[in-house]
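The values are calculated or read from the model by the stated rules, or taken from the named source; none is laboratory data. Here the structure is a predicted model, which means the values were calculated and not measured. Cβ sites come from the backbone with ideal geometry, for glycine too, and all protein chains shown count toward neighbours. When the accessible area is computed, the model is the full protein with side chains, heavy atoms only, and any ligands, DNA or RNA have been set aside. Shrake-Rupley method; radii C 1.70, N 1.55, O 1.52, S 1.80 Å.
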Amino acid sequence: MSASTHSLVLGDIPLGKLFFMRLDNAFALSRTEDMIALVSVYGDLEAELRSYCSFKGEGFVEKRTSKGCFTYILQKRSDTNFIHLLSQGESCTLDALAPDTLGLSARGSIQELGSPRYNFTLNSKDEIWSKNITKLHEDSKNAQWNATYDIAWNEIPTYNDALEKSIARIMTYLVENEFCALYVPTKFLSHISPYYYEVPLLLSSIIGDEARHIEAFSKRAFASGGLQYSTRTTQQSLYTLFQEKNYFKSSFLLHIMGEGTFIDLLHFLETHAKDEPTKKLLCLARRDEMRHVAYGMSNIKNALARNPHKIELIKDVVFKRKQYLDELSGESNLLLESLCVFAGGGDSVREIKIGFEKLEVLKLKMQKNRTKRLMECGIAEELADDLSKAHTPNFM
Ligand SMILES: [Fe+2]
Ligand SMILES: [Fe+2]
(Lines give C-alpha, C1' and ligand atoms only; values in the text may rest on other atoms or scores of the structure.)
(Ligands and ions follow the chains in the order given, each with its own letter.)
Protein backbone atom coordinates (compact mmCIF):
# COMPACT_ATOMS: atom_id res chain seq x y z
CA MET A 1 0.00 0.00 0.00
CA SER A 2 1.44 3.43 -0.96
CA ALA A 3 2.10 6.10 1.65
CA SER A 4 -0.61 8.71 2.30
CA THR A 5 -0.44 12.29 3.53
CA HIS A 6 -2.60 13.27 6.50
CA SER A 7 -3.43 16.87 7.26
CA LEU A 8 -3.27 17.95 10.92
CA VAL A 9 -4.58 21.49 11.38
CA LEU A 10 -3.51 22.79 14.79
CA GLY A 11 -4.07 26.50 14.05
CA ASP A 12 -3.24 28.59 17.12
CA ILE A 13 -2.97 25.65 19.54
CA PRO A 14 0.32 26.33 21.32
CA LEU A 15 2.93 23.70 22.13
CA GLY A 16 1.58 21.85 25.13
CA LYS A 17 -0.61 18.91 26.17
CA LEU A 18 -3.34 19.40 23.56
CA PHE A 19 -0.83 19.99 20.76
CA PHE A 20 1.13 16.82 21.51
CA MET A 21 -1.99 14.69 22.20
CA ARG A 22 -3.18 15.43 18.67
CA LEU A 23 0.25 14.95 17.16
CA ASP A 24 0.79 11.63 19.00
CA ASN A 25 -2.58 10.37 17.73
CA ALA A 26 -1.85 11.50 14.18
CA PHE A 27 1.32 9.40 14.22
CA ALA A 28 -0.39 6.48 15.97
CA LEU A 29 -3.10 6.24 13.30
CA SER A 30 -0.70 6.59 10.35
CA ARG A 31 1.19 3.79 8.70
CA THR A 32 4.95 3.67 8.36
CA GLU A 33 6.13 6.14 5.63
CA ASP A 34 2.87 8.14 5.70
CA MET A 35 3.31 11.95 5.76
CA ILE A 36 1.69 14.31 8.28
CA ALA A 37 1.21 17.94 7.18
CA LEU A 38 0.97 19.85 10.47
CA VAL A 39 -0.56 23.31 9.89
CA SER A 40 0.05 26.00 12.52
CA VAL A 41 -0.04 29.79 12.83
CA TYR A 42 3.29 29.60 14.62
CA GLY A 43 6.47 29.80 12.53
CA ASP A 44 8.91 28.90 15.29
CA LEU A 45 8.06 25.21 15.89
CA GLU A 46 10.82 23.61 13.81
CA ALA A 47 13.33 23.05 16.61
CA GLU A 48 10.68 21.59 18.95
CA LEU A 49 9.28 19.34 16.22
CA ARG A 50 12.72 18.13 15.18
CA SER A 51 13.47 17.19 18.76
CA TYR A 52 10.04 15.50 19.16
CA CYS A 53 10.57 13.46 15.98
CA SER A 54 14.05 12.45 16.95
CA PHE A 55 12.84 11.34 20.39
CA LYS A 56 9.88 9.37 18.96
CA GLY A 57 11.73 7.81 16.04
CA GLU A 58 9.78 9.81 13.45
CA GLY A 59 11.09 12.08 10.68
CA PHE A 60 11.09 15.89 10.25
CA VAL A 61 11.05 16.57 6.49
CA GLU A 62 10.64 20.30 5.96
CA LYS A 63 8.89 23.52 6.88
CA ARG A 64 6.78 25.37 4.31
CA THR A 65 5.42 28.90 4.52
CA SER A 66 2.30 30.10 2.76
CA LYS A 67 0.04 33.14 3.35
CA GLY A 68 0.89 33.58 7.02
CA CYS A 69 0.51 29.88 7.81
CA PHE A 70 3.23 27.36 8.42
CA THR A 71 3.13 23.74 7.37
CA TYR A 72 5.54 21.29 8.93
CA ILE A 73 5.95 18.08 6.94
CA LEU A 74 6.62 15.09 9.19
CA GLN A 75 6.98 11.45 8.28
CA LYS A 76 6.00 8.34 10.24
CA ARG A 77 9.12 6.20 10.44
CA SER A 78 8.25 4.07 13.44
CA ASP A 79 6.30 0.82 12.96
CA THR A 80 2.60 0.93 12.13
CA ASN A 81 0.70 0.74 15.42
CA PHE A 82 -2.58 -0.78 14.30
CA ILE A 83 -3.34 -3.99 12.47
CA HIS A 84 -5.31 -3.13 9.37
CA LEU A 85 -6.84 -6.50 8.57
CA LEU A 86 -7.81 -7.01 4.98
CA SER A 87 -10.94 -8.86 5.96
CA GLN A 88 -13.23 -6.76 8.11
CA GLY A 89 -16.18 -8.56 6.61
CA GLU A 90 -19.88 -8.46 7.20
CA SER A 91 -21.68 -11.68 8.01
CA CYS A 92 -22.07 -12.68 4.34
CA THR A 93 -18.31 -12.78 3.92
CA LEU A 94 -17.26 -14.06 7.31
CA ASP A 95 -13.93 -15.81 7.46
CA ALA A 96 -13.95 -19.47 8.44
CA LEU A 97 -11.55 -18.70 11.29
CA ALA A 98 -11.63 -15.69 13.61
CA PRO A 99 -8.40 -13.62 13.60
CA ASP A 100 -6.57 -14.25 16.86
CA THR A 101 -5.56 -10.59 17.15
CA LEU A 102 -9.12 -9.37 17.64
CA GLY A 103 -9.14 -9.77 21.42
CA LEU A 104 -12.39 -8.48 22.88
CA SER A 105 -12.96 -5.96 20.09
CA ALA A 106 -15.80 -6.42 17.66
CA ARG A 107 -15.47 -7.59 14.07
CA GLY A 108 -14.57 -4.58 11.91
CA SER A 109 -12.51 -2.79 14.57
CA ILE A 110 -8.76 -2.18 14.14
CA GLN A 111 -6.50 -3.52 16.88
CA GLU A 112 -3.36 -1.95 18.26
CA LEU A 113 -0.28 -4.14 18.08
CA GLY A 114 0.79 -5.67 21.35
CA SER A 115 -2.76 -6.01 22.68
CA PRO A 116 -3.29 -9.22 24.69
CA ARG A 117 -4.20 -12.46 22.92
CA TYR A 118 -7.27 -14.08 24.40
CA ASN A 119 -6.93 -17.39 22.57
CA PHE A 120 -10.64 -18.04 22.15
CA THR A 121 -11.08 -21.75 21.57
CA LEU A 122 -14.44 -21.45 19.77
CA ASN A 123 -13.00 -19.48 16.88
CA SER A 124 -14.18 -21.32 13.79
CA LYS A 125 -17.38 -20.51 11.96
CA ASP A 126 -18.33 -24.15 11.45
CA GLU A 127 -18.35 -24.82 15.17
CA ILE A 128 -20.78 -22.14 16.26
CA TRP A 129 -22.45 -20.39 13.34
CA SER A 130 -26.06 -20.70 12.29
CA LYS A 131 -27.53 -19.17 9.13
CA ASN A 132 -30.65 -17.92 10.91
CA ILE A 133 -28.76 -16.33 13.81
CA THR A 134 -29.61 -12.67 13.17
CA LYS A 135 -33.29 -13.43 12.68
CA LEU A 136 -33.40 -15.57 15.82
CA HIS A 137 -31.83 -12.77 17.84
CA GLU A 138 -34.38 -10.28 16.50
CA ASP A 139 -37.21 -12.74 17.25
CA SER A 140 -35.84 -13.19 20.74
CA LYS A 141 -35.86 -9.45 21.46
CA ASN A 142 -39.43 -9.17 20.21
CA ALA A 143 -40.64 -12.13 22.25
CA GLN A 144 -39.35 -11.17 25.70
CA TRP A 145 -41.85 -11.56 28.55
CA ASN A 146 -41.87 -10.90 32.24
CA ALA A 147 -42.53 -13.83 34.57
CA THR A 148 -43.90 -11.50 37.25
CA TYR A 149 -46.23 -9.26 35.26
CA ASP A 150 -47.24 -11.28 32.19
CA ILE A 151 -48.77 -14.16 34.14
CA ALA A 152 -51.96 -13.61 36.15
CA TRP A 153 -50.68 -15.48 39.20
CA ASN A 154 -53.66 -14.49 41.36
CA GLU A 155 -56.05 -16.17 38.89
CA ILE A 156 -54.60 -19.64 39.42
CA PRO A 157 -57.19 -21.75 41.26
CA THR A 158 -56.51 -24.40 43.90
CA TYR A 159 -57.10 -27.97 42.66
CA ASN A 160 -57.54 -31.29 44.40
CA ASP A 161 -54.60 -32.35 46.51
CA ALA A 162 -53.28 -34.94 44.02
CA LEU A 163 -53.33 -32.49 41.14
CA GLU A 164 -51.66 -29.75 43.18
CA LYS A 165 -48.87 -32.13 44.16
CA SER A 166 -48.40 -33.30 40.58
CA ILE A 167 -48.11 -29.70 39.37
CA ALA A 168 -45.56 -28.85 42.06
CA ARG A 169 -43.54 -32.00 41.27
CA ILE A 170 -43.56 -31.33 37.52
CA MET A 171 -42.52 -27.71 38.07
CA THR A 172 -39.70 -28.85 40.37
CA TYR A 173 -38.48 -31.13 37.59
CA LEU A 174 -38.76 -28.35 34.99
CA VAL A 175 -36.75 -25.97 37.16
CA GLU A 176 -33.75 -28.31 37.47
CA ASN A 177 -33.82 -28.96 33.74
CA GLU A 178 -33.90 -25.21 33.13
CA PHE A 179 -30.84 -24.77 35.34
CA CYS A 180 -29.01 -27.20 33.07
CA ALA A 181 -30.18 -25.28 29.99
CA LEU A 182 -28.96 -22.08 31.66
CA TYR A 183 -25.53 -23.33 32.71
CA VAL A 184 -24.55 -25.28 29.60
CA PRO A 185 -24.39 -22.33 27.14
CA THR A 186 -22.98 -20.13 29.91
CA LYS A 187 -20.01 -22.49 30.15
CA PHE A 188 -19.12 -21.94 26.50
CA LEU A 189 -20.02 -18.27 26.15
CA SER A 190 -16.65 -16.77 27.11
CA HIS A 191 -14.80 -19.15 24.75
CA ILE A 192 -16.46 -17.75 21.62
CA SER A 193 -14.50 -15.18 19.64
CA PRO A 194 -16.27 -11.79 19.39
CA TYR A 195 -15.54 -12.00 15.66
CA TYR A 196 -18.74 -14.08 15.51
CA TYR A 197 -20.45 -11.71 17.92
CA GLU A 198 -23.94 -12.69 16.79
CA VAL A 199 -23.43 -16.04 18.53
CA PRO A 200 -22.65 -14.67 22.03
CA LEU A 201 -25.53 -12.23 21.64
CA LEU A 202 -27.95 -15.03 20.80
CA LEU A 203 -26.60 -17.30 23.53
CA SER A 204 -27.03 -14.43 26.01
CA SER A 205 -30.66 -14.14 25.03
CA ILE A 206 -31.04 -17.91 25.43
CA ILE A 207 -29.46 -17.65 28.89
CA GLY A 208 -31.91 -14.83 29.72
CA ASP A 209 -34.79 -17.01 28.54
CA GLU A 210 -33.69 -19.91 30.74
CA ALA A 211 -33.39 -17.61 33.76
CA ARG A 212 -36.98 -16.50 33.13
CA HIS A 213 -38.13 -20.12 32.82
CA ILE A 214 -36.53 -20.94 36.17
CA GLU A 215 -38.33 -17.99 37.72
CA ALA A 216 -41.68 -18.79 36.11
CA PHE A 217 -41.66 -22.53 36.91
CA SER A 218 -40.51 -21.87 40.48
CA LYS A 219 -43.35 -19.38 40.94
CA ARG A 220 -45.81 -21.94 39.55
CA ALA A 221 -44.49 -24.59 41.97
CA PHE A 222 -44.98 -22.19 44.87
CA ALA A 223 -48.54 -21.47 43.73
CA SER A 224 -49.19 -25.20 44.28
CA GLY A 225 -47.52 -25.63 47.65
CA GLY A 226 -43.81 -25.28 46.86
CA LEU A 227 -40.92 -27.20 45.35
CA GLN A 228 -40.98 -30.98 45.66
CA TYR A 229 -38.65 -33.88 44.93
CA SER A 230 -35.57 -33.82 42.75
CA THR A 231 -34.70 -37.39 41.75
CA ARG A 232 -31.31 -38.94 41.28
CA THR A 233 -32.42 -40.21 37.87
CA THR A 234 -33.08 -36.68 36.62
CA GLN A 235 -29.89 -35.32 38.12
CA GLN A 236 -27.80 -38.14 36.61
CA SER A 237 -29.23 -37.49 33.17
CA LEU A 238 -28.67 -33.74 33.44
CA TYR A 239 -25.16 -34.29 34.76
CA THR A 240 -24.13 -36.12 31.57
CA LEU A 241 -25.21 -33.06 29.61
CA PHE A 242 -23.80 -30.54 32.08
CA GLN A 243 -20.29 -32.02 32.07
CA GLU A 244 -19.93 -32.28 28.26
CA LYS A 245 -16.91 -30.19 27.24
CA ASN A 246 -17.27 -30.25 23.45
CA TYR A 247 -19.47 -27.45 22.09
CA PHE A 248 -20.72 -29.40 19.09
CA LYS A 249 -21.75 -32.42 21.19
CA SER A 250 -23.21 -30.22 23.89
CA SER A 251 -25.17 -28.10 21.41
CA PHE A 252 -26.54 -31.28 19.84
CA LEU A 253 -27.59 -32.83 23.16
CA LEU A 254 -29.05 -29.65 24.58
CA HIS A 255 -30.71 -27.85 21.69
CA ILE A 256 -31.85 -30.73 19.52
CA MET A 257 -32.28 -33.78 21.73
CA GLY A 258 -33.13 -32.06 25.02
CA GLU A 259 -34.94 -28.85 24.15
CA GLY A 260 -36.51 -30.48 21.09
CA THR A 261 -38.07 -33.09 23.38
CA PHE A 262 -39.03 -30.34 25.81
CA ILE A 263 -41.08 -28.59 23.13
CA ASP A 264 -43.29 -31.69 23.03
CA LEU A 265 -43.35 -31.95 26.82
CA LEU A 266 -44.31 -28.28 27.27
CA HIS A 267 -47.00 -28.64 24.62
CA PHE A 268 -48.38 -31.69 26.45
CA LEU A 269 -48.46 -29.77 29.74
CA GLU A 270 -50.04 -26.75 28.10
CA THR A 271 -52.75 -28.94 26.55
CA HIS A 272 -53.63 -30.57 29.88
CA ALA A 273 -53.25 -27.54 32.15
CA LYS A 274 -56.66 -26.50 33.47
CA ASP A 275 -56.15 -22.77 33.97
CA GLU A 276 -55.19 -20.00 31.57
CA PRO A 277 -52.23 -18.52 33.51
CA THR A 278 -50.51 -21.95 33.63
CA LYS A 279 -51.28 -22.57 29.96
CA LYS A 280 -49.87 -19.15 29.12
CA LEU A 281 -46.57 -19.58 30.93
CA LEU A 282 -46.07 -23.03 29.37
CA CYS A 283 -46.85 -21.62 25.94
CA LEU A 284 -44.45 -18.68 26.36
CA ALA A 285 -41.67 -20.99 27.57
CA ARG A 286 -42.29 -23.34 24.64
CA ARG A 287 -42.00 -20.49 22.14
CA ASP A 288 -38.65 -19.53 23.65
CA GLU A 289 -37.51 -23.15 23.40
CA MET A 290 -38.46 -23.25 19.73
CA ARG A 291 -35.88 -20.53 19.03
CA HIS A 292 -33.24 -22.43 20.99
CA VAL A 293 -33.97 -25.57 18.99
CA ALA A 294 -33.90 -23.58 15.73
CA TYR A 295 -30.40 -22.31 16.55
CA GLY A 296 -29.14 -25.79 17.43
CA MET A 297 -30.62 -27.39 14.34
CA SER A 298 -29.19 -24.83 11.96
CA ASN A 299 -25.80 -25.00 13.71
CA ILE A 300 -25.63 -28.81 13.59
CA LYS A 301 -27.02 -29.02 10.05
CA ASN A 302 -24.41 -26.54 8.85
CA ALA A 303 -21.59 -28.36 10.66
CA LEU A 304 -22.65 -31.77 9.30
CA ALA A 305 -22.98 -30.42 5.76
CA ARG A 306 -19.45 -28.99 5.95
CA ASN A 307 -17.97 -32.05 7.60
CA PRO A 308 -20.06 -35.25 7.38
CA HIS A 309 -17.53 -37.07 9.61
CA LYS A 310 -18.93 -35.11 12.53
CA ILE A 311 -21.78 -37.62 12.65
CA GLU A 312 -19.31 -39.85 14.51
CA LEU A 313 -19.19 -37.29 17.34
CA ILE A 314 -22.97 -37.41 17.55
CA LYS A 315 -23.10 -41.21 17.62
CA ASP A 316 -20.36 -41.27 20.21
CA VAL A 317 -22.01 -38.83 22.59
CA VAL A 318 -25.54 -40.24 22.26
CA PHE A 319 -24.72 -43.95 22.55
CA LYS A 320 -22.14 -43.49 25.33
CA ARG A 321 -24.63 -41.41 27.26
CA LYS A 322 -27.28 -44.10 26.82
CA GLN A 323 -24.91 -46.82 27.99
CA TYR A 324 -23.92 -44.77 31.03
CA LEU A 325 -27.50 -43.92 31.99
CA ASP A 326 -28.72 -47.51 31.36
CA GLU A 327 -26.22 -48.73 33.93
CA LEU A 328 -27.35 -46.18 36.49
CA SER A 329 -31.04 -45.69 36.17
CA GLY A 330 -34.08 -45.84 33.97
CA GLU A 331 -37.03 -43.54 33.86
CA SER A 332 -37.94 -41.17 36.67
CA ASN A 333 -41.07 -42.91 37.96
CA LEU A 334 -41.96 -40.07 40.30
CA LEU A 335 -42.04 -37.66 37.36
CA LEU A 336 -43.97 -40.08 35.14
CA GLU A 337 -46.63 -40.63 37.80
CA SER A 338 -46.98 -36.87 38.25
CA LEU A 339 -47.44 -36.48 34.50
CA CYS A 340 -50.15 -39.19 34.55
CA VAL A 341 -52.01 -37.46 37.40
CA PHE A 342 -51.65 -34.09 35.68
CA ALA A 343 -52.89 -35.33 32.30
CA GLY A 344 -55.65 -37.44 33.86
CA GLY A 345 -56.83 -34.64 36.16
CA GLY A 346 -56.38 -36.53 39.46
CA ASP A 347 -55.22 -39.76 41.06
CA SER A 348 -58.35 -41.91 40.94
CA VAL A 349 -57.80 -45.21 39.13
CA ARG A 350 -59.81 -44.00 36.17
CA GLU A 351 -57.97 -40.64 35.93
CA ILE A 352 -54.53 -42.11 36.31
CA LYS A 353 -55.22 -44.73 33.62
CA ILE A 354 -56.32 -41.98 31.25
CA GLY A 355 -53.19 -39.98 32.11
CA PHE A 356 -50.99 -43.04 31.57
CA GLU A 357 -52.37 -43.60 28.08
CA LYS A 358 -51.82 -39.95 27.20
CA LEU A 359 -48.26 -40.18 28.47
CA GLU A 360 -47.58 -43.21 26.28
CA VAL A 361 -48.84 -41.24 23.28
CA LEU A 362 -46.60 -38.32 24.28
CA LYS A 363 -43.51 -40.55 24.45
CA LEU A 364 -44.19 -41.88 20.97
CA LYS A 365 -44.71 -38.35 19.68
CA MET A 366 -41.42 -37.23 21.27
CA GLN A 367 -39.62 -40.16 19.68
CA LYS A 368 -41.09 -39.46 16.22
CA ASN A 369 -40.45 -35.71 16.39
CA ARG A 370 -36.85 -36.25 17.50
CA THR A 371 -36.27 -38.51 14.51
CA LYS A 372 -37.81 -35.85 12.27
CA ARG A 373 -35.59 -33.10 13.67
CA LEU A 374 -32.50 -35.26 13.25
CA MET A 375 -33.42 -35.98 9.64
CA GLU A 376 -33.87 -32.23 9.07
CA CYS A 377 -30.28 -31.84 10.25
CA GLY A 378 -29.21 -34.15 7.43
CA ILE A 379 -29.02 -37.46 9.32
CA ALA A 380 -30.19 -40.60 7.48
CA GLU A 381 -33.56 -41.96 8.65
CA GLU A 382 -32.35 -45.25 10.15
CA LEU A 383 -29.60 -43.62 12.17
CA ALA A 384 -31.88 -40.74 13.15
CA ASP A 385 -34.34 -43.28 14.51
CA ASP A 386 -31.62 -45.13 16.46
CA LEU A 387 -30.31 -41.89 17.92
CA SER A 388 -33.80 -40.77 18.84
CA LYS A 389 -34.53 -44.06 20.61
CA ALA A 390 -31.25 -43.81 22.50
CA HIS A 391 -32.19 -40.43 24.00
CA THR A 392 -32.43 -40.22 27.77
CA PRO A 393 -35.85 -41.18 29.24
CA ASN A 394 -35.46 -38.10 31.41
CA PHE A 395 -36.33 -36.08 28.25
CA MET A 396 -33.42 -33.55 28.74
FE1 LIG B 1 -35.91 -23.21 29.02
FE1 LIG C 1 -33.92 -23.54 26.17
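Between Pro14, Pro185, Pro308, which gets the highest mean-square fluctuation from a Gaussian network model of the chain, Cα cutoff 10 Å?
Pro14
Looking at the square roots a ≥ b ≥ c of the eigenvalues of the Cα gyration tensor of the stretch 222-347, which shape do they give, rounded for a/c under 1.5, prolate if a/b is larger than b/c, or oblate?
The shape class here is oblate.
Between Rg and the Kirkwood Rh of the stretch 92-226, both from Cα atoms, what is the Rg to Rh ratio? Display every interim value, and only then the final one.
On the way: Rg = 20.2 Å, Rh = 17.6 Å.
My calculation puts Rg/Rh at 1.15.
Return a whole-number percent for the relative contact order of the chain, with Cα pairs under 8 Å and 6 or more residues apart as the contact set.
14
For the stretch 114-182, which trypsin sites (Lys or Arg not before Pro) pass both filters: DSSP loop (anything but H, G, I, E, B) and at most 16 other C-beta atoms within 10 Å?
Passing both the DSSP loop test and the Cβ count: Arg117, Lys131.
Of all the accessible heavy-atom surface of the stretch 250-367, with the other protein chains kept in place and a 1.4 Å probe, what percent is carbon and sulfur?
That fraction is 57 percent.
Residues of the chain: accessible area per residue at 1.4 Å, in Å²?
49
With viscosity set to 1.002 mPa s at 20 °C, what whole-number translational diffusion coefficient in µm²/s follows for the stretch 1-72 from Stokes-Einstein and a Kirkwood radius over Cα pairs?
D, rounded to a whole number, is 171 µm²/s.
Specify the residue with the greatest mean-square fluctuation among Glu215, Glu33, Glu381, computed from a Gaussian network of the chain linking alpha-carbon atoms under 10 Å apart.
Between Glu215, Glu33, Glu381, it is Glu33 that shows the largest mean-square fluctuation.
Determine Rg/Rh for the stretch 18-177; Rg is computed over alpha-carbon atoms and Rh is the Kirkwood hydrodynamic estimate from the same atoms.
Taking Rg over the Kirkwood Rh, I get 1.34.
Toward the positive end of the charge dipole of the stretch 180-220, about the Cα centre and with charges on Cβ (Lys, Arg +1; Asp, Glu -1), which of Ile192, Ile206, Phe217 goes farthest?
Of the listed residues, the answer is Phe217.
In the stretch 174-246, which trypsin sites (Lys or Arg not before Pro) are in a loop and have at most 12 other Cβ atoms within 10 Å, using DSSP for the loop call?
Here the trypsin sites (Lys or Arg not before Pro) that fit, given the DSSP loop and packing criteria, are Lys245.
Do the sum for the chain: with -39,500 (n - 2.57) for every DSSP H run of n ≥ 4, divided by all residues, what is the mean residue ellipticity at 222 nm, to the nearest 500 deg cm²/dmol? If you can, show how the numbers build up before the last one.
Working: 14 runs with 220 residues, N = 396.
Estimated from H runs of four or more residues: -18500 deg cm²/dmol.
Any chance you could give the angle, 0 to 90 degrees and rounded to 10, that helix 161-189 forms with the longest Cα principal axis of the chain?
Result, in degrees: 30.
If you restrict to DSSP beta bridges whose two residues both lie in the chain, what percentage is antiparallel, to the nearest 5?
Bridges in the chain are about 70 percent antiparallel.
What residue among Ala96, Ala221, Ala285 shows peak mean-square fluctuation when the chain is described by a Gaussian network model with Cα springs under 10 Å?
Ala96
Hey, which lysines would be in cross-link range of Lys279, C-alpha to C-alpha under 30 Å, not counting anything within fewer than 8 residues on its own chain?
Candidates past the 8-residue exclusion: Lys135, Lys141, Lys165, Lys219, Lys353, Lys358, Lys363, Lys365, Lys368, Lys372, Lys389.
Tell me the volume per residue, in Å³, of the convex hull enclosing the alpha carbons of the chain. Show your work: numbers first, answer last.
Numbers: hull volume 71.2 nm³, N = 396.
In the chain, the Cα hull volume divided by residue count equals 180 Å³.
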